[in-house]
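All of the numbers you see were taken from the coordinates with simple rules; none came from a lab. Everything quoted here is computed from the prediction, not taken from an experiment. Glycine also receives a Cβ, built like all others from the backbone with ideal geometry; neighbour counts cover every protein chain displayed.
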Amino acid sequence: MNSLFKQIVDRCLRSPEFSKVLTSFGIDPKRYWILMDLFAKLSQREEMQGQLGRQTAALRVSAGLFFIASIVGSAFMVALQIPMRAFILIYLSFTLFILLGILLSETANSLVNPVEGLALAHQPINGATYTGAKLSHLLLIVLYFVGGLNLAPSVAGVFLREAPWFYPILHFGVALSGGLLLALSCCGVFGWLMRIVPARRLKAATQFVQAVPFVLLMTRRAWLPAGRAALQSIQGPLQFVPRWALIAMAAGVIGTTVIVGLRSLSADYLIRVSTMVHSGSHRKTKIRASILGDLVRRFFGGQAGRAGFDYTRRMMMRDWQFRRQLLSIIPLFIFIGAGLVNAIVSESPSPFAAGFSPAHLLPHIIGMAMLAMCQFLQYGTDYKGIWLFLVVPDRALSRFAQGVHASLWLPFVVIPQLLMTGLFIWRWGIADAALFVIYSVATVSIYLAVGLRSVEGVPFGKQPNPGRAAGMQFGMFLTLLLAAVAVGIQWLIFRSHLVVEVLIPLIGVAGYLFTRHSINTFEVSIRHNLALESGASKLLYTEMEG
Amino acid sequence: MSEAIVHVENLVFRYGGTEVLHSISFTLAKGQIVGLLGPNGAGKSTTIKILSGILSQSSGHVAVCGLSLPESAVSVKERIGYVPEAGGMFESLSGQEFLELSGRLHNVEETTLQARIKGFLERFDLAKDRLRQLEAYSKGMRQKILIGAALLHNPQLILLDEPLTGLDVDAQIMVKDLIAALAADGKTILYSSHVLEVVERICDRILIIHKGDLIADGSIESLRQSTQKSTLEDVFRQLTHKEGTQAADMTGIVERLRK
């Protein structure tokens, strides 16, 4: 049945009528379908895993999770009989918010990091055909996510008091149109970037654009009043213009902006591919004396440890895939963390006093951020470069693993908390501050140790895999529940100073032992994955020969 | 002079603030085999990428087969064959699939395409490996596939960037014969290489780029006469001021390793 449906859709899409539609957009239908078949084949053979829209299994998992959540949510709202307009607005906003993050990231990865473009850059393909084929997978993302998030609510909405009989069609139609418009707008935004920003700066510019919506959302209190005031100031002159004319004007401006952006994508895209992929190759790096690097060499495994530390630290700063994935969550953690520190400094009593303190959440927020970072650590743009580790002496790998751990533990666990110690002493006194920081460092270290166990192989040594990211959403949700339980237990422990004084050294020792065990597990994982790579794939050998 | 296939005038290419090519000019006539020489980082591959429409020049005029670049990049790509220095390939495709992809993107009619692929694979001794994925190919086999992909659509201009890398002796002889045969058929060939003996043997004319400047353009004989050197290697050393420097540097490296 499914296959028959696919065949019918495929036949319609490859029909002469649809070819005429493609041609009207400047797309060469023959080459478009050659590219579509190529991308499908590469995804199926796991060579092109970096695009979520081509990973139907991952899409199904994500859509399924949202579907279950939306059943619960919509049943709850229908039971409360909330107004129909509020119901549809809640789901539309949530759908667009979720899609915005995913589409921005996916469009950026498709357009600004076109690794396969290098193999196609000398082929006679025009920009419209190539970008059209590259971006078609966004359509599937929209379909799956809109479906997962809105299928249940569109059916449940019929049971709302004011809902008409055709509510399911209305709800789903509005959500789908919104999703498609958003996808087109994302492509338009990147088209404008390509028009304005030099090719070698595109990667940095797109990462900035990806972060903008989240930063705007988090800082809304700062800019929203000013925005409202500005709107009110122009309301006076506009009050004589009919509402339909205003809507038409706004739609016209947005439509033109998106179309011009889309046209920019189709202009000379493939000429920019080489510069985009190699951007940064002409950038000069500075060699600085690193105090941390020397510390790591001395205390965390000598020169091999320092190699692991510097490799991970530098790749975290420069690897496109790592930065792109981190951007999807880190602004959230930064704003929550900053909010917590602000709350602790301004009004919070000692975490060991009676009652709940925002400080109780701090180690767990940093810990969750460390877990997320470890999840992203294994994927990199230059994953084929790990052949280098095949020729590294065996004993160096354990020290290398120590260095990788140090690159996360020192700058993200120890140093920030030591820096905050001054603030804590000022608020709670030396004894409580010292106890809390020791406890917090030990707790975050345990989170990091858990995260390190999930890193498969050499950091940045795997091809990005959105399928794993979908599983990660579920994993992070489970971890969040466990963290909530941990916060509850911690609250009980913190009620007694004596228990705290006894338990904190124990937690510290447990953290140390668990970390050592995790580093060993990580080292085994590196060896295992290198053995797999050297045995199963010829990729590495061809890289070495190259 | 016969018909010009490539016309380059005051070509400048900048990357960021760095000027990689400084106003170079040359013309390639139909049927010529021209060697493009230069030390690493001189700008050879950049020149070839501009001629193939992969990069766009910062200033200057570039025309290939009478079509201006970068404006007519797609039409130029239909008329040229390009063998890249570090060929990006889709590793999970088989040799046959990669050749089919290239031929179809160049709009070669299917029956003709299959006949050409069959002939090519047999000639290059790849017929029995045609269904294996490229990741299992040796470097030389991959190079043969790239050469085949560049020729399937019968291009007028062939741009070869280090085409002999990784090929065994038999395959090298085969490629050299192929280049001569293509030139005899009226194809123009721009051949970039570091193997000076091969360039000396097969090219009619030499272009030498050094630090982004075109420092020599002429037949091998005229270059020998103007520099009063007997071999192309000596000509190259003299023009790129490398004489005597390499031996001294190497001694220095070995001394450092001893410390």
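Here the calculated FRET efficiency for B:ASN154 and A:ARG195, from their Cβ-Cβ distance with R0 = 30 Å, stands at 0.25, rounded to the nearest 0.05.
One chain, two ends: A:THR256 and A:ASP10. Fully extended at 0.36 nm per residue, the span grows by 85.5 nm beyond their Cα-Cα distance.
A viscosity of 1.306 mPa s and a temperature of 10 °C, combined with the Kirkwood radius over Cα pairs in Stokes-Einstein, give a translational diffusion coefficient for the stretch A:133-191 of 127 µm²/s.
In this Cβ point-charge picture (+1 for Lys and Arg, -1 for Asp and Glu), the protein assembly as shown has a dipole of about 1660 debye about its Cα centre. Loop-located trypsin sites (Lys or Arg not before Pro) in the stretch A:142-237 (DSSP state not H, G, I, E or B) with no more than 12 neighbouring Cβ atoms inside 10 Å: A:ARG161. Averaging 1/r over each pair of different alpha-carbon atoms in chain B and inverting the result gives 19.5 Å, the Kirkwood hydrodynamic radius. Only alpha carbons enter this Debye calculation for the protein assembly as shown, each as an equal point scatterer, and the log10 of I(q)/I(0) it gives at q = 0.08 Å⁻¹ is -0.85. Counting beta carbons within 10 Å around each of A:PHE352, A:PHE309 and listing the fewest first gives the order A:PHE352, A:PHE309.
For A:SER19, neighbours were defined as the other residues whose beta-carbon sits under 14 Å from its Cβ, and their charges (Lys and Arg +1, Asp and Glu -1) total +2. For the listed peptides B:227-234, B:32-39, A:209-216, a ranking on the average number of other beta carbons within 10 Å per residue, highest first, reads B:32-39, A:209-216, B:227-234.
For the stretch A:306-353 and the stretch B:132-156, what is the separation of their Cα centres, given in Å? What the calculation gives is 47 Å, centre to centre. An ellipsoid equivalent to the stretch B:1-53, defined through the eigenvalues of its Cα gyration tensor, has semi-axes of 22, 13, 9 Å when rounded to whole angstrom and sorted largest first.
Compared with the dominant principal axis of the Cα atoms in chain B, helix B:245-258 is inclined by about 90°. Which entries in A:LYS203/B:LYS139; A:LYS30/B:LYS30; B:LYS49/B:LYS77; B:LYS77/B:LYS187; B:LYS118/B:LYS144 show an alpha-carbon gap greater than 20 Å? Table pairs above 20 Å Cα-Cα are A:LYS203/B:LYS139; A:LYS30/B:LYS30.
Summing +1 for each Lys or Arg and -1 for each Asp or Glu among the other residues whose beta-carbon sits under 15 angstrom from that of A:VAL197 gives +4. Classification of the stretch A:37-102 by its C-alpha gyration tensor yields a prolate form. The axis ratio a/c (a ≥ b ≥ c) is 1.5 or more, and a/b outweighs b/c.
For peptide B:72-81, the mean count of partner chain Cβ atoms within 10 Å of a residue's Cβ comes to 4. Other protein chain C-beta atoms within 10 Å of residue C-beta, averaged over A:34-41: 3.
Of all DSSP beta bridges confined to the protein assembly as shown, the antiparallel ones make up roughly 55%.
Relative to its Kirkwood radius, the Cα radius of gyration of the stretch A:1-87 gives an Rg/Rh of 1.16. Across all directions, the shadow cast by the convex hull of the stretch B:182-239 built on its C-alpha atoms averages 4.2 square nanometres.
Here, P(r) means the percent of Cα pairs in each 5 Å bin from 0 to the largest distance; for the stretch A:291-545 it is 1, 6, 12, 17, 18, 15, 12, 9, 5, 3, 1, 1, 0, 0. Less than 5 angstrom separates the built amide H of B:TYR15 from those of B:VAL20, all sequence-distant by 5 or more or on a different chain. Relative to the dominant Cα principal axis of chain B, helix B:110-123 is inclined by about 60°. The residue among A:SER136, A:GLY255, A:PRO83 whose Cα reaches farthest toward the positive pole of the charge dipole of chain A, with charges on the beta-carbon of Lys, Arg, Asp and Glu, is A:GLY255.
Take each residue of peptide B:99-109, count the partner chain Cβ atoms within 10 Å of its Cβ, and average: the result is 4. Taking the charge dipole of chain A about its Cα centre, with +1 at Lys and Arg Cβ atoms and -1 at Asp and Glu Cβ atoms, the residue from A:SER440, A:LEU246, A:ILE493 reaching farthest to the positive side is A:LEU246.
Here the calculated FRET efficiency for A:ILE82 and A:ALA222, from their Cβ-Cβ distance with R0 = 25 Å, stands at 0.25, rounded to the nearest 0.05. Using a Förster radius of 41 Å, what is the FRET efficiency between A:LEU388 and A:ILE247 based on their Cβ-Cβ separation? Nearest 0.05, please. The value I calculate is 0.10. Which of the three applies to the stretch B:89-196, rounded, prolate or oblate, going by the alpha-carbon gyration tensor with a ≥ b ≥ c and a/c under 1.5 meaning rounded? Taking the square roots of the gyration eigenvalues as a ≥ b ≥ c, the stretch B:89-196 is oblate. Helix B:169-184 and the long axis of chain B differ in direction by around 90°, with both axes built from C-alpha atoms. May I ask which residue of A:ALA359, A:TYR167, A:VAL458 lies farthest towards the positive end of the charge dipole of chain A, with charges of +1 (Lys, Arg) and -1 (Asp, Glu) on Cβ and the Cα centre as origin? So the residue furthest toward the plus end is A:VAL458.
Annotation: aspartates and glutamates with alpha-carbon distance below 12 angstrom to B:LYS44 (same-chain offsets under eight excluded): B:GLU85, B:ASP161, B:GLU162, B:ASP213. Count charges around B:GLN114 for me, please; just the other residues with Cβ under 12 Å from its Cβ, Lys/Arg as +1, Asp/Glu as -1. Cβ neighbours under 12 Å give a net charge of +1.
The spacing between the stretch A:101-122 and the stretch A:168-195, judged by their C-alpha centroids, is 18 Å.
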